[in-house]
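Notes for the one structure printed next.
Every read-out reported here was derived from the displayed coordinates using simple, explicitly stated rules and does not represent laboratory data. Source: prediction; values computed, not measured. Here Cβ is always computed from backbone atoms with ideal geometry, including for glycine, and neighbour counts include all displayed protein chains.
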Amino acid sequence: MTLAASQNRTGLPEQAPVEDRAWALKNALDAKGLIPAGFNEDWKKTFEEDYTPRRGAELVARAWTDPVFRDLLLSDGTAAVAQYGYLGAQGEYIRALEDTPTVKNVIVCSLCSCTAWPILGLPPSWYKGFEYRARVVREPRKVLAEMNTELPADVEIRVYDTTAETRYMVLPMRPAGTEGWTAEELARIVTKDCLIGVALPSADVVVEHPNT
Amino acid sequence: MTLAASQNRTGLPEQAPVEDRAWALKNALDAKGLIPAGFNEDWKKTFEEDYTPRRGAELVARAWTDPVFRDLLLSDGTAAVAQYGYLGAQGEYIRALEDTPTVKNVIVCSLCSCTAWPILGLPPSWYKGFEYRARVVREPRKVLAEMNTELPADVEIRVYDTTAETRYMVLPMRPAGTEGWTAEELARIVTKDCLIGVALPSADVVVEHPNT
Amino acid sequence: MDGVHDLAGKQGFGRVPHTANGPIGDTFKYDWEHLGYSLLFLGVTNGYFTLDEVRHAVERIEPRHYLTTPYYERYVIGAATLMVEKGVLTHDELEAMTGGPFPLALPATSAGRPARENRETFEVGDKVRVTDDHFAGHVRYPAFCRGKVGTVQHRTTQTWPFPDSAGHGRADGGSEPTYHVEFDAAELFGDDTDAGSVVVDLFEGYLERVA
Amino acid sequence: MDGVHDLAGKQGFGRVPHTANGPIGDTFKYDWEHLGYSLLFLGVTNGYFTLDEVRHAVERIEPRHYLTTPYYERYVIGAATLMVEKGVLTHDELEAMTGGPFPLALPATSAGRPARENRETFEVGDKVRVTDDHFAGHVRYPAFCRGKVGTVQHRTTQTWPFPDSAGHGRADGGSEPTYHVEFDAAELFGDDTDAGSVVVDLFEGYLERVA
């Protein structure tokens, strides 16, 4: 008996392994001289090194500690982000969503995977996954609870579906236990998931990896 | 390089081959003494031998040659089919759909695969397929044309979606060139596809296989 | 439930793999295929579950699993799921007998619902609207007609158990006639259709009168 | 198009495979993954196609193929489809370079459409309805809000090409602001939701005023 995740499936086309296809596409374009030197490598570096949620965390920490900046971030997110030089591909028009004691904002892109890349980093697999895209618009409370983010019943959940060119970031509430912290200290508790809206910042949860 | 229709797929569970699973289900029930002798075999025989479109063809041919029966078939399909003893599982409440020079009826079950088994036979694979289920409700003219059934522009297409317990059969128009034919001769040109509504009977198309 | 099984009107699928009156072969292509049907009838005959529950079980197969699984295999999975859920077999027994993994449909997320109160009886020619209904359990209307207005063509002379109850093994659904409701295709799909009309067979509990 | 990519509100999916703040690893898991993005940007930079066309190409991947294909691979397929459709490469060249089959997205079934005439400008607080629109080409609204009424929360100060045109490589779509329209969740999903509201970012051409 053979075992495979994929046997006996219908309706799926035969195809070469994805790595062969992906590189073949690049090599076929290269063979025609259509790819400027370093083009793919530069994007890869941008994605891996420049676009990180550490930028969004920096914005949040600033907003938590600077009321004038907070007002700007909420009234004209694009201008606020531009001050940092953090606008870029898939992050050219920014709106920050203000959590309050009664409203929790959550971001999704149900049609594909749009995300504010330059300030949140590229979206993680689960955010691009069908479970999240299908379910979070309709049952966000249940989805968040399954992810261990339980919200009080009197907090209304507002889901932002990123269906055009606006890119969102959540401005969460500053958690208890962070009184007197510097902006640098505060930024270390604002994770990628906090910026998407599926986690709440906590004085006890400190970022370990640049992509979170 | 390996090639497979199914490699590199995500979201699909690992599973044993379907024949192992199907027989295991039967054998596990059998081991508990829950299956009466011959139960599955009797159903198999019913599906393969009793439920055929030859029955529907017989009804159509009768309606083409007997105006009183035609009226009954159209006003009380269940009673008309009962006269032949052709009611049965998934064919207990029958409505016949009358094609006219300006209306072509087409049957689908968009949610699963409901069909008037006893008089049309079990539905063919294409009828149960996602292409037909998805498309025929919205673009029946294009779907039929792709199947080589071109309808004049002044013929309106009425699609019946079999979403409850009524089971439909199409009563097509008797084609030219069949004047003077006996009911037995007429029945031989009424195919399963004519009864579903995706083909038009023709004096030149004679059924070769009991399942068509 | 708004599941992927509800395919009508979905765009992006290719050609139907069939030519009118082309060959379709035998009723069953493989020796095991009849089990998809005969074992679900066993469950119904033995009183383990209803045919509506089978439909719901098949709809509960994980969406990707559903869409890549051949037809009769989906009914094997549906019957197996119910045999396990009803306690006729355990999943362990089933996998031991199989000698390998036997993934089932996902659990129901709804307990079903009783018959709708305050239903009305309609006559041929009446204008009716499909209720603007959203329900995580089993229903038997396609989403394309939700909230849409059509005309009653036929009321059945028989009645059947309300699927939203029967599909969850409940006995409080009563029994209803269904109506063959004709919708102008433009009511359903605007000008993005070449159909004239679509007729849907709808339980009374899904309909409300249009003044 | 009403494609399977339009997943919002679809039921039957299981748990999201993530715990809040759980590990997600590196940006790219495999060496080829960045090509899904960097090659589509090449196409945009070189002027072969727009990002809207990429979205449409990915939506045109056959539904089962789409739903069982990992994320970055879908963008490789989308970029490859457009490189072939635009004549930058031939499918034969691509498969020769691959050394095996390289199935592409299915052909478009629509030529796109121009900007809607008689659009209106809306202000924050205005009630708007999403048009009851059915279109086989690329659109950028999820079906769950079709025909639904919401309230304008924000109008963008920038404008962008109308996706229904740009997604088909047309130049007659003009440029529009978008509106962040807030819908009561009950307007969208009745009582079968635990959201308070859903805000959708909608091009002006998708909206009409509610008196």
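Each part reduced to its alpha carbon centroid, region C:159-209 and region A:14-49 end up 51 Å apart. Take each residue in B:35-43, count the other chain C-beta atoms within 10 Å of its C-beta, and the mean is 4.
Between C:Y30 and C:D172, the C-beta separation translates, for a Förster distance of 35 Å, into a calculated FRET efficiency of about 0.30.
In nanometers and ordered shortest first, the copy-to-copy spacing of the D:G174 label point, defined 7 Å from Cα toward Cβ, is 5.3.
Along its principal axes, the protein assembly as shown has C-alpha extents of 92, 62, 56 angstrom, given from the largest down. Evaluated at 25 °C with a viscosity of 0.890 mPa s, what Stokes-Einstein diffusion coefficient in µm²/s does region A:96-166 have when Rh comes from the Kirkwood expression over alpha-carbon pairs? The Stokes-Einstein estimate is 192 µm²/s.
Overall, region D:1-148 carries a charge dipole of about 560 debye about its Cα centre when +1 sits on the Cβ of Lys and Arg and -1 on the Cβ of Asp and Glu, all other atoms neutral.
Taking every DSSP beta bridge with both residues inside the protein assembly as shown, roughly what % is antiparallel (nearest 5)? Don't jump to the answer; show the numbers that get you there.
Numbers: 44 of 74 bridges.
Within the protein assembly as shown, antiparallel bridges account for around 60 percent of the total.
Cα convex hull of region B:1-107: how many Å³ per residue? Spell out each step's value before the answer.
Working: hull volume 25.1 nm³, N = 107.
Considering the Cα atoms of region B:1-107, their hull volume per residue is 235 Å³.
Centre-to-centre, using Cα atoms only, region A:77-98 and region D:1-49 are separated by 21 Å.
Taking the radius of gyration and the Kirkwood hydrodynamic radius from Cα positions alone, what is the Rg/Rh ratio for region B:58-131, to two decimal places? Provide the component values of the computation, followed by the final result.
Details: Rg = 13.3 Å, Rh = 13.4 Å.
Ratio of gyration radius to Kirkwood radius: 0.99.
How many percent of the alpha carbon pairs in region D:69-123 exceed a separation of 12 Å? Roughly 74 percent, rounded to a whole number. Residue by residue along A:153-161, Cβ atoms of other protein chains within 10 Å of the local Cβ number 6 on average. Close amide H partners of A:W181, meaning residues 5 or more places away or on another chain with modelled amide H under 5 Å apart, do not exist here. Span-like helix criteria (full DSSP H runs; alpha carbon extent of at least 20 Å along the helix axis; mean Kyte-Doolittle hydropathy of at least -0.5) are satisfied in chain D by D:71-85. Residues in region D:62-70 carry Karplus couplings, in order, of 3, x, 6, 5, 4, 6, 10, 10, x Hz; the curve used is 6.51 cos²θ - 1.76 cosθ + 1.60 with θ = phi - 60°, and Gly or Pro positions show x.
What translational D, rounded to a whole number of µm²/s, comes out for chain C from Stokes-Einstein when the hydrodynamic radius is the Kirkwood one over Cα pairs, at 37 °C and 0.692 mPa s? It would help to have the intermediate numbers written out before the result.
Working: Rh = 19.1 Å.
Estimated diffusion coefficient is 172 µm²/s.
Simple point charges give the picture: +1 on the Cβ of Lys and Arg, -1 on the Cβ of Asp and Glu, and for region B:1-153 a dipole about the Cα centre of about 420 debye. Kindly work out what percent of the DSSP beta bridges joining two residues of chain B are antiparallel, to the nearest 5. Antiparallel bridges: around 15 percent, rounded to the nearest 5. Ascending distances from the C:H154 label point to its copies in the other chains, with the point 7 Å along the Cα-to-beta-carbon line: 5.3 nm. The coefficient of translational diffusion for region C:68-174, derived via Stokes-Einstein from the alpha carbon Kirkwood radius under 10 °C and 1.306 mPa s, stands at 94 µm²/s.
Convex hull volume of the Cα atoms of region D:31-95, normalised per residue: 86 Å³. Packing order of peptides D:2-12, A:133-143, highest average first: A:133-143, D:2-12 (average count of other Cβ atoms within 10 Å over each peptide's residues).
Sorted by average packing, counted as other Cβ atoms within 10 angstrom per residue and highest first, what order do A:107-118, B:172-183, B:9-20 take? Provide the component values of the computation, followed by the final result.
On the way: A:107-118: 24.8, B:172-183: 13.2, B:9-20: 18.7.
Ranked from most to least packed, the peptides come out as A:107-118, B:9-20, B:172-183.
The radius of gyration of the Cα set in region A:76-212, together with its Dmax, comes out at 14.5, 42 angstrom.
For region C:1-67, take N as its residue count and report Rg(C-alpha) divided by 2.2 N^0.38 Å. Don't jump to the answer; show the numbers that get you there.
On the way: Rg = 15.5 Å, N = 67, 2.2 N^0.38 = 10.9 Å.
Taking the Cα Rg and dividing by 2.2 N^0.38 Å, one obtains 1.43.
Sorted shortest first, the separations between the C:T45 label point and its copies elsewhere in the assembly read 6.8 nm; each point sits 7 Å from Cα along the Cα-to-Cβ line.
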